[in-house]
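A.B. asks: First the structure, then my questions, so here it is.
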Amino acid sequence: MSVTINRRPAGHTAVLAGAGLHPTLARIYVQRGIESAQQLAQGLACLLPPDQLKGVASAAALLAEAVSSQQRILVIGDFDCDGATSSALAVRALHMLGATQVDYLVPNRFEYGYGLTPEIVAVAAEREPDGIPDLIVTVDNGISSIEGVAAANERGIRVLVTDHHLQGDALPAAAAIVNPNQQGDDFPSKHLAGVGVIFYVMLAVRALLRKQGVFADGHGPHLAGLLDLVALGTVADVVPLDHNNRILVGQGLARIRAGKCTAGVSALVAVAKRNPSTLAATDLGFALGPRLNAAGRLDDMSLGIELLLTDDPVRATELAQRLDDLNHERRQIENEMKAEAMLILDEMELEASEDKNEELPTGLCLFEPHWHQGVIGILASRIKDRLHRPVIIFAQADDGSLKGSARSVPGLHIRDALDAVAAHHPGLLSKFGGHAMAAGLSLAAEDFDRFREAFDEEVRRHLTAEDLRREILSDGALGDNELNLELAEALRAAGPWGQGFPEPLFDGVFELVNRRIVGEKHLKLVVRPAGSQQVIDAIAFNTTDDDWPVDVKQVELAYRLDVNEFNGKRSAQLMVEYIEPV
């Protein structure tokens, strides 16, 4: 894979004059399209109002009636971090609003697959001793559950769909649907995660109940206390952090840093060995999210939801430790699958080099029957990052069909690509769905080769050889006077950074003072800017210098400036994203 480092165009920081920002931080914000200090405001008063969401009034009326008449409400979630936080938030909020008969159910990905299916409706209707639910509320799913909603309707169960995934050609016949990405919705932010959507719905329910005079104090419960869940689910689901999402995440992080979060989130922070007072959005995405996701990948996401629902710190610590153990197991499985995938790729590259008419597919599909269904998404992401091309990893389901998890690169909307394949090859895909950058699909095992060719053909229609070059967008070089703890702490406290609002990345040529391998696979460096006397530590994870010349004196780095905490001491450190000997 070829790599190009390009620098973001500079802007005029005068637009942020008077905001009291570090000059480097002001430059970074302008490079991300910030045109006024108002776009950096993170007060709750700056949130978009719930009433702009299509269907939210109907949803609020449905839930307000269910709460007031003490109906049985069943939350149907998804088995990822967004689904877990959405489920926990829905249950917690409904209890806070006065509901007394609330429960949740998450389909086990290995038995039922994704979403509200007729099979899950049957399970919900037969639950004892709760009895058949009066209302099903889907969170982070449901927009494509045509058959599932129909099955619920046949049993007399009303359904409220809350989701954020793209809709298909038809909508389910639900009593109400709230989804900023459904047709005809004018909500300015299309990037709410599933947990953000259900949070907005609960705000609307509280407003309606308040209007009806239900609350003795006239105000109702403090739903902002659930923003730690919103922040975790939003960052972990890698949705773009537009201004509205940055407010939600920023407010949630502030609560975690202040120690005002749920016992489960606090336990996750502890088991991940993070400092809660300086927690950043990247910690949510790379430390807390994977541990919560491990439950849905290897076991049952109910474990993660129970963690987020408990108020007992001892119980939370026990559940968080179990999730940490599962995450270690997931890493081991992932490493084994990745090693096998690398061997397959090596063989494919060898065959391509021997036959000049052949090359690696532009749209790559890999499959081994024994690969773990719960880990194929992570593997697809890893291979996509390595080769910078769309990748689908398949595993075999219990019924013999193939489950695929897809990841894409800029320039290809992966769900639309699958839609095109399905249109050109009717019956090839049994189901599919997802976003621009990630999707899931199912097909018959005997159709794998046909799908692999059809997918590659579709991807080639959209991507050129130039699109397969990885582009690193840098915020430029940092001067000697900027490579310090002060700026590192300012960058960590700023943001929140994430998808669509990337963490600052810098580049430059450095003299190599020292290098060594730590943890068998990480490259630990001491470097100094070319022509300078100042030295600074750096680390490149999952990188070795095995193929470097012995006499390397300089390296080109693309890096993040971060804070390293060790033995109670804090220092600036370069977190290397790309390294190349000069």
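A.B. asks: Can you report the number of residues in region 461-481 which are among the hydrophobic types (A, V, I, L, M, F, W, C), in contact (Cβ under 8 Å) with a residue 60 or more places away in the chain and not in a helix (DSSP H, G or I)? So that I can check it myself, show each step before the final result.
C.D. replies: First, pick out the residues of region 461-481 that are among the hydrophobic types (A, V, I, L, M, F, W, C): 463, 465, 468, 472-473, 477-478.
Retained after the next criterion (residues that are in contact (Cβ under 8 Å) with a residue 60 or more places away in the chain): 463, 468, 472-473, 478.
If we keep only those that are not in a helix (DSSP H, G or I) too, we end up with 463, 472-473, 478.
Qualifying residue count for the region: 4.
A.B. asks: If we scan region 311-318, do we find a residue that is buried (at least 16 other Cβ atoms within 10 Å of the Cβ), in contact (Cβ under 8 Å) with a residue 40 or more places away in the chain, closer than 22 Å to Ser381 by Cβ and not assigned by TED's automatic domain parsing to the domain that holds Ile378?
C.D. replies: No, the conditions are met nowhere in region 311-318.
A.B. asks: On to the next question. What's the number of the condition Asn335 fails, among (1) under 22 Å from the mean Cα position of the chain (by Cα); (2) crowded, with 18+ Cβ neighbours inside 10 Å; (3) not assigned by TED's automatic domain parsing to the domain that holds Arg461?
C.D. replies: Every condition holds for Asn335 apart from (2).
A.B. asks: In region 264-296, how many residues are among the β-branched types (Val, Ile, Thr) and modelled with pLDDT of 95 or more?
C.D. replies: So the answer is 3.
A.B. asks: Answer yes or no as to whether Ala490 is part of a helix (DSSP H, G or I), within 23 Å of Gly11 (Cα to Cα) and out of contact with any Ser or Thr (no Cβ under 7 Å at 6 or more places or on another chain). Break it down stepwise before answering.
C.D. replies: Numbers: part of a helix (DSSP H, G or I): yes; within 23 Å of Gly11 (Cα to Cα): yes; out of contact with any Ser or Thr (no Cβ under 7 Å at 6 or more places or on another chain): yes.
When the stated conditions are applied, Ala490 passes them.
A.B. asks: Let me ask another. Select, from Asn327, Asn293, Asn244, the only residue that is in a helix (DSSP H, G or I) and out of contact with any helix residue (DSSP H, G or I) (no Cβ under 7 Å at 6 or more places or on another chain). Working first, answer last.
C.D. replies: Numbers: Asn327 fails: out of contact with any helix residue (DSSP H, G or I) (no Cβ under 7 Å at 6 or more places or on another chain); Asn293 fails: out of contact with any helix residue (DSSP H, G or I) (no Cβ under 7 Å at 6 or more places or on another chain).
Just a single option satisfies the conditions, and that option is Asn244.
A.B. asks: Assuming Leu16 fulfils every condition listed in (1) crowded, with 22+ Cβ neighbours inside 10 Å; (2) under 23 Å from Thr138 (Cβ atoms); (3) not polar (S, T, N, Q) apart from one, which condition is it?
C.D. replies: Only one criterion in (1) crowded, with 22+ Cβ neighbours inside 10 Å; (2) under 23 Å from Thr138 (Cβ atoms); (3) not polar (S, T, N, Q) is unmet by Leu16, namely (2).
A.B. asks: Would you say Leu227 is touching a residue at least 60 places away in the same chain (Cβ under 8 Å) and either closer than 20 Å to Leu40 by Cβ or small (Gly, Ala, Ser) (or both)?
C.D. replies: Numbers: touching a residue at least 60 places away in the same chain (Cβ under 8 Å): no; either closer than 20 Å to Leu40 by Cβ or small (Gly, Ala, Ser) (or both): yes.
No, not satisfied.
A.B. asks: Considering every residue within region 254-263, establish whether at least one is crowded, with 21+ Cβ neighbours inside 10 Å, modelled with pLDDT of 95 or more, among the hydrophobic types (A, V, I, L, M, F, W, C) and more than 30 Å from Pro504 (Cα to Cα).
C.D. replies: Checked against the condition, which is being crowded, with 21+ Cβ neighbours inside 10 Å, modelled with pLDDT of 95 or more, among the hydrophobic types (A, V, I, L, M, F, W, C) and more than 30 Å from Pro504 (Cα to Cα), region 254-263 yields no hits at all.
A.B. asks: Let me ask another. In the list Val513, Val509, which residue meets the criterion of being in contact with a strand residue (DSSP E or B) (Cβ under 7 Å, 6 or more places away or on another chain), more than 30 Å from Thr234 (Cβ to Cβ) and either free of Cβ contacts under 8 Å to residues at least 40 places away in the same chain or in a loop (DSSP other than H, G, I, E, B) (or both)? Even if it seems obvious, please write down each step before you answer.
C.D. replies: Details: Val509 fails: either free of Cβ contacts under 8 Å to residues at least 40 places away in the same chain or in a loop (DSSP other than H, G, I, E, B) (or both).
The unique qualifying residue is Val513.
A.B. asks: One residue is enough: does region 476-483 have a residue meeting the conditions among the hydrophobic types (A, V, I, L, M, F, W, C) and under 27 Å from the mean Cα position of the chain (by Cα)?
C.D. replies: Quick first cut of region 476-483, residues among the hydrophobic types (A, V, I, L, M, F, W, C) only: 477-478, 483.
Those left that are additionally under 27 Å from the mean Cα position of the chain (by Cα): none.
No.
A.B. asks: Quickly run through region 54-80 and pick out the residues that are among the aliphatic types (A, V, I, L, M) and out of contact with any helix residue (DSSP H, G or I) (no Cβ under 6 Å at 6 or more places or on another chain). I'd like the intermediate steps shown before the answer.
C.D. replies: Looking only at region 54-80, we keep the residues that are among the aliphatic types (A, V, I, L, M), and these are 56-57, 59-64, 66-67, 73-76.
Once the filter is applied, which keeps residues that are among the aliphatic types (A, V, I, L, M) and out of contact with any helix residue (DSSP H, G or I) (no Cβ under 6 Å at 6 or more places or on another chain), region 54-80 yields Ala57, Ala61, Leu62, Ala66, Ile76.
A.B. asks: Of the conditions (1) out of contact with any strand residue (DSSP E or B) (no Cβ under 8 Å at 6 or more places or on another chain); (2) at pLDDT below 95; (3) assigned to a helix (DSSP H, G or I), Leu319 clears all except one; give me its number.
C.D. replies: (2)
A.B. asks: Taking region 110-134 only, how many residues are crowded, with 21+ Cβ neighbours inside 10 Å, touching a helix residue (DSSP H, G or I) at 6+ places or on another chain (Cβ under 7 Å) and at negative phi?
C.D. replies: 4
A.B. asks: Would you confirm whether or not region 250-263 contains a residue that is closer than 30 Å to Gln373 by Cβ and assigned to a helix (DSSP H, G or I)?
C.D. replies: Here is the first cut: in region 250-263, the residues closer than 30 Å to Gln373 by Cβ are 262.
Filter again for assigned to a helix (DSSP H, G or I), leaving none.
Checked region 250-263: no residue is closer than 30 Å to Gln373 by Cβ and assigned to a helix (DSSP H, G or I).
A.B. asks: Something else about it: For region 288-310, give me each residue that is polar (S, T, N, Q) and surrounded by fewer than 22 Cβ atoms within 10 Å (Cβ to Cβ).
C.D. replies: Here is the first cut: in region 288-310, the ones polar (S, T, N, Q) are 293, 302, 310.
Result: Ser302, Thr310.
A.B. asks: OK, next. Mind checking which helices (runs of 4 or more DSSP H) fall wholly inside region 1-119 and carry at least 1 residues that are in the same structural domain as Gly289 (by TED's automatic domain parsing)? Let's see the steps before the verdict.
C.D. replies: Values: elements: 23-31, 56-68, 81-97.
Correct list: 56-68, 81-97.
A.B. asks: I've got another one for you. Would you point out the residue of region 431-475, among those that are touching a Phe, Trp or Tyr at 6+ places or on another chain (Cβ under 9 Å) and among the hydroxyl-bearing types (Ser, Thr, Tyr), that is farthest from Glu147 (Cα to Cα)?
C.D. replies: Applying the filter and picking the extreme gives Ser474.
A.B. asks: Looking at region 546-555, can you tell me whether even one residue there is in a strand (DSSP E or B) and either at pLDDT 85 or above or assigned by TED's automatic domain parsing to the domain that holds Lys273 (or both)? So that I can check it myself, show each step before the final result.
C.D. replies: Kept after step one, since they are in a strand (DSSP E or B), are these residues of region 546-555: 554-555.
Still in the list and also either at pLDDT 85 or above or assigned by TED's automatic domain parsing to the domain that holds Lys273 (or both): 554-555.
There is at least one residue in region 546-555 that is in a strand (DSSP E or B) and either at pLDDT 85 or above or assigned by TED's automatic domain parsing to the domain that holds Lys273 (or both).
A.B. asks: Considering only region 154-188, state which residues are farther than 30 Å from Glu126 by Cα and buried (at least 19 other Cβ atoms within 10 Å of the Cβ).
C.D. replies: Matches in region 154-188: Leu166, Pro180, Gln182, Phe187.
The values are calculated or read from the model by the stated rules, or taken from the named source; none is laboratory data. None of the values given here were measured: they were computed from a predicted structure. Reconstructed Cβ throughout: ideal geometry from the backbone, glycine too, with neighbour counts over all protein chains shown.
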